[in-house]
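Heads up: the structure comes next, in structure tokens.
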Amino acid sequence: MTTKTRWLQRVVLLALAGAGALLARGCGGVTDTRVAARDQATAASCNYYNRCNLIGPGEDTMGGFTSYSSCQTSVSAYWEGKWPVSQCQGHVDEAQVSICISAINATQCMNNIDVLATLLLKCPVETVCDANLPPADASAD
């Protein structure tokens with residue numbers, strides 16, 4: 001490989017890395033924490049499916065995915081629906097996202113109770129998207 005070819009490869013890799021960073025940003029260069037949280041949960045979830053051998057030919061009929069990219073597409077849509085813009089934009093609690101991601105990473109393969117506990121107790125919109133909300137009005141009772 002020539003020096004010119006190596007240089008060109010590095011330039012392309014840097015450009016791709018920069019493009020990826022720009023995609024994760026919102027208006028005015030501010031990072032969209034909701035999108036970042038969704039993408040983290042998607043990666044952790046697809047890694048779970050992969051670790052549990054639920055990605056590959058024929059796995060779509062067994063509750064998995066035929067490929068990692070089909071997992072990413074489907075699971076990203078799932079998290080998009082669980083953490084919608086209307087509830088989460090500007091309200092992502094990054095500590096809760098970390099708890100959610102850790103729970104996904106620790107979820108036991110093929111243990112439906114563990115999966116439900118992760119989704120319902122560690123990753124619900126009520127905890128992940130509760131930052132920067134106005135305090136509840138105690139006089140409303």
If you go through region 86-123 one residue at a time, how many are within 16 Å of residue 45 (Cβ to Cβ), in contact (Cβ under 8 Å) with a residue 40 or more places away in the chain and within 16 Å of the chain's Cα centre (by Cα)? 7
So for region 130-139 (the condition being at pLDDT below 95 and not in a loop (DSSP other than H, G, I, E, B)), does at least one residue qualify? yes
Subset of region 100-116 [of a type in the set (A, V, I, L, M), within 16 Å of residue 54 (Cβ to Cβ) and in a helix (DSSP H, G or I)]: 104, 115
Restricting attention to region 71-85, which residues are farther than 22 Å from residue 50 by Cα and within 11 Å of the chain's Cα centre (by Cα)? 83
Considering only residues that are surrounded by 13 or more Cβ atoms within 10 Å (Cβ to Cβ) and β-branched (Val, Ile, Thr), which ones fall in region 74-95? 75, 92
Could you give every pair whose Cβ atoms fall below 6 Å, whose first residue belongs to region 66-81 and is among the β-branched types (Val, Ile, Thr), and whose second residue is part of a helix (DSSP H, G or I) and at pLDDT below 95, counting only separations of at least 6 or pairs across chains? 66/60
Those residues of region 7-62 which are under 23 Å from residue 79 (Cα atoms), more than 19 Å from the chain's Cα centre (by Cα), at pLDDT 50 or above and loosely packed, with under 15 Cβ neighbours inside 10 Å, in sequence order: 53, 61, 62
From the list 69, 74, 86, which residue is touching a Phe, Trp or Tyr at 6+ places or on another chain (Cβ under 9 Å) and farther than 13 Å from residue 37 by Cα? 74
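The values are calculated or read from the model by the stated rules, or taken from the named source; none is laboratory data. Being a predicted model, the structure only gives us computed values, none of them experimental. Please note: Cβ atoms are built from the backbone with ideal geometry, for glycine as well, and neighbour counts cover all protein chains shown.
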